[in-house]
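Report on the following structure.
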Amino acid sequence: MFVTKAEFKRSYKRKMSSMFGKALEEASLADKYITLASMIRDTINERWVRTNESYLEQETRQVYYFSLEFLLGRFLESNLLYLDICDTVRQGLSEMGIDLEDLIESEPDAGLGNGGLGRLAACFLDSLASQALPGHGCGIRYKYGLFAQKIIDGYQVELPDNWLRETNAWEIRKPDKAAIVKFGGRIKTVSDEKKSPRFEHVDYLPVKAVPYDMPIPGYRNGTVNTLRLWSAEVVDNEFDFSSFSRGDYINAVSNRYAVEAISEVLYPDDSNYKNRQLRLKQQYFFVSAGLQSIVRRYKKKKLDIHRLADHIAVHINDTHPALAVPELMRILMDEEGLGWDEAWRMTTRIVAYTNHTIMPEALETWPYEVFRDLLPRIMMIVEEINARFCARLQKAYPGEPERVRRMAIISDGVIKMANLAVVGAFSVNGVAEVHSQLLQNSVMRELYEFFPKKFNNKTNGVTHRRWLIKANPGLSSLLSETLGTPLAHQPEKLADLMAHADDKALGEQLRLVKRANKERLAAFIQRAVGVTVDPDSLFDVQVKRIHAYKRQLLNALHVLHLYNQLRDDPDLDIVPRTVIIAGKAAPSYYYAKNIIKFINELAVLINGDPRVNDRLKVVFLENYGIQMAELIFPAADLSEQISTASKEASGTSNMKFMMNGAVTIGTDDGANIEIRAAVGDDNFFPFGLSVGEVLRYYREGGYSAAALAASDQRLSRLIRQLQGELFPRLPQDEFHNIVRSLLDYNDEFFVLRDFGSYAAAQARVDAAFRDRAAWQRMSLVNIAQSGRFSSDRTIGLYASEIWKLTPCPVPQRSPVLIQK
Ligand code: 26V
């Protein structure tokens, strides 16, 4: 590894010539990027090898985080930052006439996730590595990540995200570590008089799972953990293939091409469970490959299979990898020869489960026949797990067949994945206090009563290294200077900032940092949508997936209400406000797409109306993702966290905003409740129905949206405008769906019910923003209290309370770099 700038330049040119046979002058941008990335990878690889050696030597307990989604973002800049070579490289490149920014910008985002759940997995990997914890990721190497969103005439259009078009410099293909995953076929029972029967899987379709490993470096600590992503390939081995083709040769050959479809594309729907056989294939594919490789590696170490549970934990991110339970049983029994009882004791000591949603429409179930035909052996095991569980239930609850049916894993003709996960895991956690309470008291009440000790809470967190240090270098250096300590490994130190809450000079410096970030975002907005926004205006931001329960509609209706007020009273004194909204809608979620159109129509109307006179601007930014998020959070003044109480399990953007000094306007939902408690009511703008009130309405009724709309002039006007009055150019039924959701479906998400309370809270925001010093203080308190929402804290708790994992620091060599 290079040590000085001069050495860096020399090795860079050498690398360029060895990789591309080119001199610098002839190199393309892509060549330059790959050259740099490969140099960094060489350094990371050394540490990767050392980390693995050190885990092996110390026989440390390791955790594997199984997730169908990892929303990683870009690597180049963070890897430079984590290796502490950013400045040397930037200067060295610049002396060779290369702008590091250009290389950073040329890297595609690894967008292998939908939203909160996928990004959480990425933050967790960062915290594991940065705290020297032996924890690795396991997932799918989708050829296409989450679709790219284009806005055309105000409508969302989806384009494929071909992120692997260029070579991915951050992965290593390991064909020698491939595993075979078996689909379909039949199970033959082979009986032997003395022994218990064996099960032989025949006529199956073999799929080759090839791992691509990505290094996950810790922050300047020498640790490099592994994210193993599996890719589906056709089996080229004649033996494996012939066992399948014996049944039906023609189909066997044509089916080969269906194989690659398994790792082709990430499902973009995170709102509604749909029974898609390909998704079940994806789930079994990566779970089986992942577990096979874990067991194989464990045995290679010559460790005793009977002690597997002492050495590994498998964490499942939602129910998507819940097949880990029967698949681990299968491996332990069919391949390792263990009996049922021992295999079950081990499995239920290894698997832990996190639930991320209570929305009933998102709970996964698979039709019995689909499951049985695709996974015959797994079906047998799930049936046995279910039979044994039901026997226990019948004993515990004699004469209550209905309760047994509700709690069973298989009932009503479907396999209930949440029930399977709860029964098979030793730990079940929600992602914020209120969410965990809801799981225990309502959604999973009966399972909780039966397994009270399994349930616990782990409030989400986000990595402050990406979301503060990398995304907001200005703020990050001001904070470490003020506190006299770097924050990378001790986010809890942010709390010391409270001692500086009334420091006016610091307040002013913080204001300047925010102002610079807002200018940067304003320039981006200008380029992206051609709208000029004033960096001195209140930047009011809502960025997240578009969902009815997240209530972008409430935000939009309030914007329209402000506009109405401005038109009614041209001299109205409001704080100039820039409302920024971004997020993707699931391609088949028509309501959500309609909301996007509505926001874009509002933007055209308001931004083009001279009477508004720049007091209000509306911007919808297309293709929200990790990159854009890193630009947005540092520039926000107001964080919109306005879900219907009880619906948002935790939220994590709320934490990223807070960390960057935005103040929250929010409902008492998810982690908002904990954020509000941490900063105090003076530094938060609460509004809306509480969880208790929402649940009471659902239980007892007593809400009439139509009556409310009729009795409130502001609301009836908004509804009339939605019905077409405001948009003469559009078909009159353009927003019919939205109106129907409010009136015909009685406003399931209480948008109209919370409108008054929301508008009043926004008026308090308006008043507060006028006193810049007071606002600055609120912002500071939010930053100071954000340390406890670092994923380091969350992962610390997972490690100590669930996984029983202790740090295993990798012996450091001499410092990598002496800056000259
Ligand atoms: C759910 C489903 C259900 C239908 C089938 C396809 C599919 C794909 C993904 C998902 C995941 C949605 C769940 C999710 O992202 N939950 C979010 O998790 C965050 C991290 O815990 C949490 O902060 C958010 O509140 C929660 O909405």
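From the set of residues in the stretch 715-742 that are open to solvent by less than 70 Å² (accessible area, probe 1.4 Å) and part of a loop (DSSP other than H, G, I, E, B), which is farthest from R551 (Cα to Cα)? Here the answer is L730. Picking from residues in the stretch 203-223 that are of a type in the set (D, E, K, R) and open to solvent by 20 Å² or more (accessible area, probe 1.4 Å), the one that is modelled with the lowest pLDDT is D203.
Within the option set T226, T189, T167, being surrounded by fewer than 19 Cβ atoms within 10 Å (Cβ to Cβ) and in contact (Cβ under 8 Å) with a residue 12 or more places away in the chain holds for one residue only, T167. Of all residues in the stretch 27-38, none are within 16 Å of the ligand (Cβ to nearest atom) and open to solvent by less than 10 Å² (accessible area, probe 1.4 Å). Here I581 meets the list (1) open to solvent by 30 Å² or more (accessible area, probe 1.4 Å); (2) modelled with pLDDT of 95 or more almost entirely, failing just condition (1). Being under 22 Å from the mean Cα position of the chain (by Cα) and more than 24 Å from D534 (Cβ to Cβ) is the filter here; which residues of the stretch 558-598 pass it? Once the filter is applied, which keeps residues that are under 22 Å from the mean Cα position of the chain (by Cα) and more than 24 Å from D534 (Cβ to Cβ), the stretch 558-598 yields K584, A585, A586, P587, S588, Y589, A592, K593, I596. Residues in the stretch 1-60 that are in a loop (DSSP other than H, G, I, E, B) and in contact (Cβ under 8 Å) with a residue 24 or more places away in the chain: M1, F2, V3, T4, E59, T60. No other residue among L479, L494 is more than 26 Å from the chain's Cα centre (by Cα) and away from the ligand (no atom under 16 Å from the Cβ) apart from L479. Scanning the stretch 510-533 for residues that are buried (at least 17 other Cβ atoms within 10 Å of the Cβ) and closer than 17 Å to S476 by Cα returns L510, V513, K514, N517, K518.
Which members of the stretch 534-577 meet the condition of being of a type in the set (S, T, Y) and open to solvent by 10 Å² or more (accessible area, probe 1.4 Å)? Matches in the stretch 534-577: Y549 only.
Restricting attention to the stretch 123-153, the residues that are surrounded by fewer than 24 Cβ atoms within 10 Å (Cβ to Cβ) and either within 16 Å of the ligand (Cβ to nearest atom) or farther than 30 Å from R220 by Cβ (or both) total 9. Restricting attention to the stretch 368-407 and to residues that are surrounded by 15 or more Cβ atoms within 10 Å (Cβ to Cβ) and outside any helix (DSSP H, G or I), the residue that is farthest from the ligand (Cβ to nearest atom) turns out to be Y397. Go through the residues of the stretch 303-320 one by one and say whether even a single one is farther than 23 Å from E384 by Cα, within 16 Å of the ligand (Cβ to nearest atom), at pLDDT below 95 and aliphatic (A, V, I, L, M). Within the stretch 303-320, not a single residue is farther than 23 Å from E384 by Cα, within 16 Å of the ligand (Cβ to nearest atom), at pLDDT below 95 and aliphatic (A, V, I, L, M). Within the stretch 354-363, identify whether any single residue is modelled with pLDDT under 95, over 19 Å from S288 (Cα atoms) and in contact with a strand residue (DSSP E or B) (Cβ under 8 Å, 6 or more places away or on another chain), and answer yes or no. Yes. The single condition among (1) within 15 Å of the ligand (Cβ to nearest atom); (2) crowded, with 24+ Cβ neighbours inside 10 Å; (3) part of a helix (DSSP H, G or I) that E361 does not satisfy is (2).
Tell me, yes or no, whether the stretch 418-427 has at least one residue that is over 17 Å from C390 (Cβ atoms) and surrounded by fewer than 24 Cβ atoms within 10 Å (Cβ to Cβ). Yes, the conditions are met somewhere in the stretch 418-427.
Contact map, the stretch 433-452: residues that are open to solvent by 30 Å² or more (accessible area, probe 1.4 Å) and in a helix (DSSP H, G or I) paired with residues that are more than 14 Å from the ligand (Cβ to nearest atom) and among the polar types (S, T, N, Q), Cβ distance under 7 Å, separation 6+ or inter-chain. Pairs shown: Y448/Q440. Of note, F749 satisfies the criterion of being in a loop (DSSP other than H, G, I, E, B) and either surrounded by 20 or more Cβ atoms within 10 Å (Cβ to Cβ) or aliphatic (A, V, I, L, M) (or both).
Residues in the stretch 765-781 that are open to solvent by 60 Å² or more (accessible area, probe 1.4 Å) and within 32 Å of the chain's Cα centre (by Cα): R777 alone. Among the residues of the stretch 108-122, the ones that are open to solvent by 10 Å² or more (accessible area, probe 1.4 Å) and away from the ligand (no atom under 16 Å from the Cβ) come to 2 in all.
Could you go through the stretch 437-458 and let me know if any residue there is within 13 Å of the ligand (Cβ to nearest atom) and under 22 Å from Y698 (Cα atoms). So far as the stretch 437-458 goes, yes, one or more of its residues are within 13 Å of the ligand (Cβ to nearest atom) and under 22 Å from Y698 (Cα atoms). Within the stretch 483-498, the set of residues being assigned to a helix (DSSP H, G or I) and open to solvent by 40 Å² or more (accessible area, probe 1.4 Å) comprises E492, K493, A495, D496, M498. In the condition set (1) among the β-branched types (V, I, T); (2) away from the ligand (no atom under 15 Å from the Cβ); (3) open to solvent by 30 Å² or more (accessible area, probe 1.4 Å), V663 is compliant with all but (3). For W230, the stated conditions do not hold, so it cannot be described as over 19 Å from A258 (Cβ atoms), out of contact with any His (no Cβ under 9 Å at 6 or more places or on another chain) and among the aromatic types (F, W, Y).
Of L72, L81, all but one fail to be surrounded by 21 or more Cβ atoms within 10 Å (Cβ to Cβ) and over 30 Å from K302 (Cβ atoms); the exception is L72. In summary, helices (runs of 4 or more DSSP H) completely within the stretch 246-354 and bearing 1 or more residues that are open to solvent by 40 Å² or more (accessible area, probe 1.4 Å) occur at 249-259, 277-300, 308-311, 340-350. Against the test of being surrounded by fewer than 21 Cβ atoms within 10 Å (Cβ to Cβ) and under 27 Å from M498 (Cβ atoms), the options E622, E640, E630 yield a single qualifying residue, E630. When T806 is tested against (1) among the β-branched types (V, I, T); (2) open to solvent by 30 Å² or more (accessible area, probe 1.4 Å); (3) not in a loop (DSSP other than H, G, I, E, B), just one condition goes unmet, and that condition is (3).
The values are calculated or read from the model by the stated rules, or taken from the named source; none is laboratory data. Because the structure is a prediction, the values reported are computed rather than measured. Neighbour counts are summed over all protein chains in view; Cβ atoms, including those assigned to glycine, are modelled from backbone coordinates with ideal geometry. Accessible surface is based on the protein model in full, side chains and every heavy atom, while ligands, DNA and RNA are left aside. Shrake-Rupley method; radii C 1.70, N 1.55, O 1.52, S 1.80 Å.
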